[in-house]
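All remarks here apply to the structure that follows.
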Amino acid sequence: MKIGVPSEVKVDEYRVAMTPAGVRELTDRGHEVVVQAGAGVGSGVADEDYVAQGAEILPDAPAVFAAAEMIVKVKEPQPPEVAMLEPRHTLFTYLHLAPDPDLTQGLIDSGATCIAYETITDVHGRLPLLAPMSEVAGRLATQAGAFMLGRPAGGSGVLLGGVPGVAAGKVLVIGGGIVGANAARMAVGLGADVTVLDRSIDRLRELDDLFAGTVDTGYATALEVEARLAEADLVIGAVLVKGAKAPHVVTRAQLKLMRPRSVLVDVAIDQGGCFETSHPTTHSDPVYEVDGISHYCVANMPGAVPITSTRALTNATLPYAVRLADEGAAKALAADPGFLGGLSVHDGRLTDETVACDQGRDWTPPAEALAAVAA
């Protein structure tokens with residue numbers, strides 16, 4: 001199979017979807033890899049590093065899309081990329097379709113097979129291709145929030161760790177999954193007073209054991225959220241519903257409960273955001289204010305640390321990319337129900353029920369869509 005690795009074109013995105021190690025794995029198995037010139041520069045990878053492992057460098061994205069059968073990316077395709085997709089292509093990347101009906105329609109119209117990293121599950125029901133970026137984003141959320149609390153950045157002027165004789169700042173993490181746990185870990189490391197809210201008692205027990213009493217936990221009722229908002233200096237939204245739009249756990253009306261110049265960091269912004277007042281921002285212009293509260297809603301947070309993020313992501317995605325290349329998409333997906341769960345669009349059909357429900361569209365079960373084409 002011929003695999004294409006284009007440069008990422010989303011604003012302020014510096015990751016790349018494959019490292020030279022990935023190229024070596026694929027070329028050793030008899031596959032061909034074409035990489036867009038300069039695709040790895042943001043992640044510290046030179047074209048020569050790819051060539052040394054057997055890749056061919058092509059001058060631009062149209063050349064990569066024209067040459068390749070499978071396109072491997074990091075972020076959801078932007079409109080110029082969608083326009084280059086054809087029915088012969090398999091697209092393997094993060095898609096985050098639920099909040100983006102235009103992208104959904106574009107992929108359906110392309111006829112391509114589109115597989116989303118974020119909805120693939122393993123044998124334990126976990127999300128192995130979302131987890132590494134959730135770890136990075138959770139840690140960055142606290143780091144970014146701590147900086148944005150500084151008065152020059154528009155924040156209240158609270159130091160999260162406090163100092164002797166001055167109380168630590170209060171961090172509220174809503175959602176106790178991988179993002180939330182990593183955000184809490186960083187906040188505890190800074191010396192903050194940390195609370196994590198979740199709607200799973202079992203998860204709250206796990207967090208209590210994990211943090212050995214250094215983090216307060218609470219059940220995420222609306223009343224509990226409101227009580228904690230009134231105390232918080234930094235609120236991190238870490239809510240995930242697999243494949244679906246994130247629910248709003250903080251409304252605009254509830255902002256008035258918060259201290260002036262407190263900070264919200266919405267890590268769920270890729271899935272539409274878990275604060276009612278959230279809208280996507282960029283690393284170049286990350287923060288805006290609503291009703292006196294700073295909002296940090298960067299839609300590709302891990303892109304800020306591409307040296308770390310690229311390697312963490314590609315460690316997880318490479319085994320799946322190898323299976324797609326070795327077996328072809330239809331066979332690889334049909335053999336693994338968890339992998340099949342990543343199939344979002346196939347042969348002009350939407351195959352993700354959650355996206356269909358969020359957008360009011362018809363959908364075809366993934367196995368049925370594959371079988372229809374095979375027939």
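Quick note: the coordinates plus some simple rules give every number you see, no bench work behind them. This is a predicted model, so every value here is computed, not measured. All Cβ positions, glycine included, derive from the backbone under ideal geometry; neighbour counts span all protein chains shown.
With both labels modelled 7 Å from their Cα along Cα-to-Cβ, the Asp122 to Ala222 distance reads 3.8 nm.
Spin-label model, Ile57 to Glu276: label points 7 Å out along the Cα-to-beta-carbon direction sit 5.2 nm apart. Compared with the alpha-carbon gap, the fully stretched path from Arg199 to Ala37 is longer by 53.7 nm at 0.36 nm per residue. Neighbour counts of other Cβ atoms within 10 Å put Ile269, Ile115 in the fewest-to-most order Ile269, Ile115. Ignoring lysines fewer than eight residues from Lys170 along the same chain, the ones with Cα atoms less than 18 angstrom from its Cα are Lys256. Going by a ≥ b ≥ c, the root eigenvalues of the Cα gyration tensor, does the stretch 279-346 fall in the rounded group (a/c under 1.5), the prolate group (a/b larger than b/c) or the oblate group? Judged from the Cα gyration tensor, the stretch 279-346 comes out prolate (a/c at least 1.5, a/b above b/c). Take the Cα of Lys331, step 7 Å toward its Cβ, do the same at Val9, and the gap between the two points is 3.3 nm. Less than 15 Å apart at the alpha-carbon level, and either on another chain or at least 8 residues along: which aspartates and glutamates does that give for Lys2? Those aspartates and glutamates meeting the cut-off are Glu25, Asp28, Glu32, Glu56, Glu69, Glu86, Asp326, Glu327. Remark on Ile71: its backbone amide H falls under 5 Å from those of Gly4, Thr90, Leu91, Phe92, a criterion applied only to residues 5 or more positions apart or on other chains, H modelled at 1.01 Å from N.
Both radii are taken from the alpha-carbon atoms of the stretch 134-299; with Rh as the Kirkwood radius, Rg/Rh is 0.93.
Hydrodynamic radius of the stretch 1-73 by the Kirkwood approach over all distinct alpha-carbon pairs: 11.7 Å. Residues Thr364, Thr351 in ascending order of nearby Cβ atoms (within 10 Å, fewest first): Thr364, Thr351. The slack between Gln78 and Arg24, meaning 0.36 nm per residue of separation minus the straight C-alpha distance, is 16.6 nm.
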